[in-house]
Amino acid sequence: MSLRETSFLCNLFMSLFITSLNSGSNGNCYYVGNNTEAILIDAGISCSEIEKRMKRLMLDIHKVKAVFVSHEHTDHISGLQVLAKKYKLPVYITHATHRFSRLKLEKSLVSDFTSHQSIVIGDISVTAFPKLHDAADPYSFVVSCNQINVGVFTDIGTPCENLVHHFKQCHAAFLEANYDDEMLENGRYPYFLKNRIRGEKGHLSNKQALELFTTHRPSFMTHLFLSHLSKNNNCPKLVQQLFDEQACGVKMIIASRNEETPVYQIPTSLNIVPAYNPHVSQLAFAFA
Ligand SMILES: [Zn+2]
Ligand SMILES: [Zn+2]
C-alpha cells in the first residue's frame, strides 16, 4: 500500500462524519459518527423520516448506538419514542426533561446524564453542559472522538461562558442562527413572542452567532452549520452571505428546515490541539 493510500485510510478511520437530518422549529436531528458507531442529538422528526434521510445519505441506522436529548420541546423529541422502541436505542435524557416531555420510553433504555461528565459510546464520548433556554433542564453537547470535537449548540438565549468555552474547542459545530433582528422586529409575531425569542432564554440571533464565531473561532475549526433558522424571521441566503463574508476558510453550511445536509467529514487536525476540557476554569469565571 502506498503512503498516500495509507494516509487516506488512516484519515477515514480517524475522522468524524456529521450531518443535520433536519434543523429548525419543525424538527431537529443531528448525526455524529465515526467509522463504526454514531449517536444522534435529538430526534425531532419522525422515525420514518430519520430512516429515509439516513438511507439517502448512505448512513447505516444500525450504527447509531444512542440518542441524546437536549430538552423537551417537541421539535427535539417528536420522533424519539418510535425510534428508541424500534431500534432498542439507549436514550440519554435528564429526569426533568423526561418528566416534562411526557415521553413513554422503555425504562431499561433510559439513562440520566450529568453536565460536564463524558458518556462513552464506543470510541465516541459525549459531554453535556447547561444552556440558557426556556425549558426544564436544557443542555448543549460536545461530541468527541480521536481528538475531534463537534458541538451541537442550538436553542440558546444567551451565549454564556459555558458556550464560549466549548465553542473554542470545536473543529465543527452546529450553531444556532435563529433570527435576523430586523425581520423579527418588523415581522407579524405578537410582541410577547418577539420578546420571548430574543430574550435571554430564547434563541440566538444571526448577530449573536456571528459575534461568537468571529470572536472565539479556534484556528482548527473547519465547518460551521448554521442551524435552527426561523422560517418567518430569517432567510437562508442572508445567513449564508453574512457568515461567508467572515468565514476565514471555515466551510459555512446552512442546516435546512426541510431536508438533510450532505455528510461532512471532519478529519483529525494536523495541528496540535489541546485535549478537550469539559470544565470552564474558575479563572475564566473570575474575570468574566
Ligand atoms: Zn428547538
Ligand atoms: Zn427549544
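The values are calculated or read from the model by the stated rules, or taken from the named source; none is laboratory data. Since the structure is predicted, the reported quantities are computational estimates derived from the model, not experimental observations. Neighbour counts are summed over all protein chains in view; Cβ atoms, including those assigned to glycine, are modelled from backbone coordinates with ideal geometry. Ligands, DNA and RNA are excluded from the accessible area calculation, which covers all protein heavy atoms including side chains. Shrake-Rupley method; radii C 1.70, N 1.55, O 1.52, S 1.80 Å.
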- [ ] Answer rounded, prolate or oblate for region 69-154, using the Cα gyration tensor with square roots of eigenvalues a ≥ b ≥ c: rounded when a/c is under 1.5, else prolate when a/b is larger than b/c, else oblate.
- [x] oblate
Task: Sulfur and carbon atoms: percent of accessible area, the chain [1.4 Å] - done: 55 percent
- [ ] Measure up K88/K231; K52/K88; K52/K194 against 25 Å on the Cα-Cα distance and list the ones that go over.
- [x] K88/K231; K52/K194
Task: Cα-based reach from K207 at 19 Å (exclusive), listing aspartates and glutamates while leaving out same-chain residues under 8 positions away - done: D155, E161, E176, D180, D181, E182, E185, D244, E245
Open item on the list: Just to check I understand the Karplus step: with θ = phi - 60° and J = 6.51 cos²θ - 1.76 cosθ + 1.60, what whole-Hz values come out for region 206-218, glycine and proline as x?
Closed with: 4, 5, 5, 5, 5, 5, 4, 5, 5, 7, 10, 4, x
Task: region 4-117: antiparallel DSSP beta bridges as a percent of all, rounded to 5 - done: 55 percent
Task: Highest-fluctuation residue, A275, A84, A66 considered, GNM on the chain with Cα pairs under 10 Å - done: A275
Open item on the list: Less than 14 Å Cβ to Cβ from V250, Lys/Arg counted +1 and Asp/Glu -1: what total charge do the surrounding residues give?
Closed with: +1
Task: Potential extension, E51-Y189 segment - 0.36 nm per residue separation minus Cα distance - done: 46.3 nm
TODO: First check a/c for the chain, with a ≥ b ≥ c the square roots of the eigenvalues of its C-alpha gyration tensor; if it is under 1.5, answer rounded, and if not, answer prolate when a/b is larger than b/c or oblate otherwise.
DONE: rounded
TODO: For the chain, report the accessible area per residue in Å² (1.4 Å probe, heavy atoms, rounded to an integer).
DONE: 47 Å²
TODO: Under 13 Å from the Cβ of D137, count the other residues' Cβ atoms, weight Lys and Arg +1, Asp and Glu -1, and hand me the total.
DONE: -1
Open item on the list: I need to check one value: relative contact order of the chain, counting alpha carbon pairs closer than 8 Å and at least 6 residues apart, in percent.
Closed with: 19 percent
- [ ] Please turn the phi angles of region 62-78 into ³J(HN,Hα) values with the Karplus equation 6.51 cos²θ - 1.76 cosθ + 1.60 (θ = phi - 60°), one per residue in order, whole Hz, x for glycine and proline.
- [x] 6, 6, 6, 10, 6, 10, 10, 10, 7, 5, 8, 4, 3, 5, 10, 9, 4
